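All remarks here apply to the structure that follows.
The values are calculated or read from the model by the stated rules, or taken from the named source; none is laboratory data. Predicted, not measured: the structure shown is a model, and the values here were computed from it. Cβ placement follows ideal geometry from the backbone for every residue including glycine, while neighbour counts extend to all protein chains displayed.
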Amino acid sequence: MTGVQRMDITPLHWIVFIVAVLFFLALDLGVFHRNARKVKFREALAWSALWCSLALLFGSFVSTYRGFEEGTEFVTGYIIELSLSMDNVFVIALIFSYFRVPIAYQHRVLFWGIMGALVMRLAMILVGAALIKQFHQVLYFFGAFLVYSGVKMLLGKDDEGVEPEKNPCVSLARKWFRVSPDYDGQNFTTLLNGRKALTPLALVLVMIETTDLIFALDSIPAIFAVTQKEFIVFTSNVFAILGLRSMYFVLANAIEYFRYLKFGLSLVLVFIGGKMLAEMWNLHIDTMASLYIVAGIIIASIIVSFRTAKTHPDPSLYEDEDDDDEQGGDGSEKSPAP
């Protein structure tokens, strides 16, 4: 970097970043979504554009004060995390459908789910970075795991542990706590026969946190293939997760147009895992080249999905439209949760 002194990352930068994130989240829940309501498509699209713009702006900041290489690492990590989060979006849609969560309450669940995800991912990133510093060979294990995960996703066997009826955390919650059969607004607890009990919304939150943990097992090792700098890994993860809520309301009703996205994501995981394993033979793939390859795979899978959806619509994706109407766009509680 010519004429600019390289800025060192200090604990203050971590504190300022985390405080800023908490401020925006509090503003989101306390001001923009204080009352339960349906998030409209245009609003969700605007929020998605805002978070993406902020991520790119932050990447520009990193590039200016930490160098072009780290700026590229941030953008590459952000795209990888955002891409893998897109698969999470459709799983969340299935969870909401299974529990018949009224549309007006979904944003609140996603908000608290993201709060938990930030804490979990920060812990996983710090542990992962510490392991890599002490045992560099752990990167090869991460690489092999990503290749395995990519092949598993390609074969359609990556949904283990995300089915509500098979989720051990949900089963334990039902065993240890009383659970109300009906929703009580957007509350996670209620009174059942005069005693405190969880609402089905609390089980949905447990389910979402569990699935995020499962997805993080893929996404966290994936970004370590790009960089092992904790601050870059964490911030790229945070921006991807923050955009997950609005992305859900944009993409959940457009699943048909992303039918081959999972195929693309599986190729991304295999590529990133292979990139890690290639280091064993001193074969290094440039960060910029990785960015182009990952972005190219994702864009190609989306283009193929769009074209296929227009020429060969999938009737199975419209079978539950009547059920969605029964929920009511206003968030009314037409059906009790199972």
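Conditions (1) surrounded by fewer than 22 Cβ atoms within 10 Å (Cβ to Cβ); (2) in contact with a Lys or Arg (Cβ under 9 Å, 6 or more places away or on another chain), marked per residue:
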| position | (1), (2) |
| --- | --- |
| G67 | yes, yes |
| I80 | no, no |
| A104 | no, yes |
| V127 | yes, no |
| Q137 | yes, no |
| F141 | yes, no |
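Name the residue that is surrounded by the fewest Cβ atoms within 10 Å (Cβ to Cβ), counting only residues in the stretch 201-247 that are among the β-branched types (V, I, T) and outside any helix (DSSP H, G or I). Quick ask: steps written out before the conclusion?
Step one: of the stretch 201-247, the residues among the β-branched types (V, I, T) are 204, 206, 208, 210-211, 214, 220, 223, 226-227, 232-233, 235, 238, 241.
Then keep just the ones that are outside any helix (DSSP H, G or I); that gives 226-227.
Details: V226: 27, T227: 20.
Within the stretch 201-247, the match that is surrounded by the fewest Cβ atoms within 10 Å (Cβ to Cβ) is T227.
Under 27 Å from G71 (Cβ atoms), of a type in the set (A, V, I, L, M, F, W, C) and in contact with a helix residue (DSSP H, G or I) (Cβ under 9 Å, 6 or more places away or on another chain) - does that describe any residue in the stretch 206-215?
Yes, the stretch 206-215 has at least one match.
Could you check G150 against (1) surrounded by 15 or more Cβ atoms within 10 Å (Cβ to Cβ); (2) without any contact (Cβ under 8 Å) to a residue 24 or more places away in the chain; (3) assigned to a helix (DSSP H, G or I) and say which number it fails?
So the condition that G150 fails would be (2).
This table checks each residue for (1) of a type in the set (A, V, I, L, M); (2) touching a Lys or Arg at 6+ places or on another chain (Cβ under 7 Å); (3) modelled with pLDDT of 90 or more.
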{"site": "R174", "(1), (2), (3)": "no, no, no"}
{"site": "L201", "(1), (2), (3)": "yes, no, no"}
{"site": "L217", "(1), (2), (3)": "yes, no, no"}
{"site": "F234", "(1), (2), (3)": "no, no, yes"}
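Select, from L146, L131, L139, the only residue that is closer than 22 Å to L82 by Cβ and out of contact with any Cys (no Cβ under 9 Å at 6 or more places or on another chain).
Working: L131 fails: closer than 22 Å to L82 by Cβ; L139 fails: closer than 22 Å to L82 by Cβ.
Going through L146, L131, L139 in turn, the sole match is L146.
Scanning for something out of contact with any Phe, Trp or Tyr (no Cβ under 6 Å at 6 or more places or on another chain) and modelled with pLDDT under 85, does the stretch 221-230 turn up at least one residue?
no
Quick one: S53 ticks every box in (1) of a type in the set (S, T, N, Q); (2) under 16 Å from the mean Cα position of the chain (by Cα); (3) within 21 Å of F249 (Cα to Cα) except a single one, so which number is it?
Failing condition for S53: (2).
Which is touching a residue at least 12 places away in the same chain (Cβ under 8 Å) and either in contact with a Pro (Cβ under 6 Å, 6 or more places away or on another chain) or closer than 18 Å to V204 by Cα (or both), of I125, I114?
Working: I125 fails: either in contact with a Pro (Cβ under 6 Å, 6 or more places away or on another chain) or closer than 18 Å to V204 by Cα (or both).
The unique qualifying residue is I114.
Does the stretch 179-199 hold any residues that are at pLDDT below 85 and of a type in the set (K, R), and which are they?
Correct list: R195 only.
Which one is modelled with the lowest pLDDT, of the residues in the stretch 279-314 that are among the aliphatic types (A, V, I, L, M) and out of contact with any helix residue (DSSP H, G or I) (no Cβ under 8 Å at 6 or more places or on another chain)? I'd like the intermediate steps shown before the answer.
Quick first cut of the stretch 279-314, residues among the aliphatic types (A, V, I, L, M) only: 280, 283, 285, 288-289, 291, 293-295, 297-300, 302-304, 309.
From what's left, out of contact with any helix residue (DSSP H, G or I) (no Cβ under 8 Å at 6 or more places or on another chain): 283, 289, 299, 303-304.
Working: L283: 83, A289: 90, I299: 91, I303: 91, V304: 90.
That would be L283.
Go through (1) more than 11 Å from the chain's Cα centre (by Cα); (2) part of a helix (DSSP H, G or I); (3) at pLDDT 85 or above; (4) not aromatic (F, W, Y) for V250 and report which single condition fails.
(3)
Out of the residues in the stretch 18-55 meeting the condition of being modelled with pLDDT of 85 or more and touching a Phe, Trp or Tyr at 6+ places or on another chain (Cβ under 8 Å), tell me which one is surrounded by the fewest Cβ atoms within 10 Å (Cβ to Cβ).
Among those residues, the one meeting the criterion is L54.
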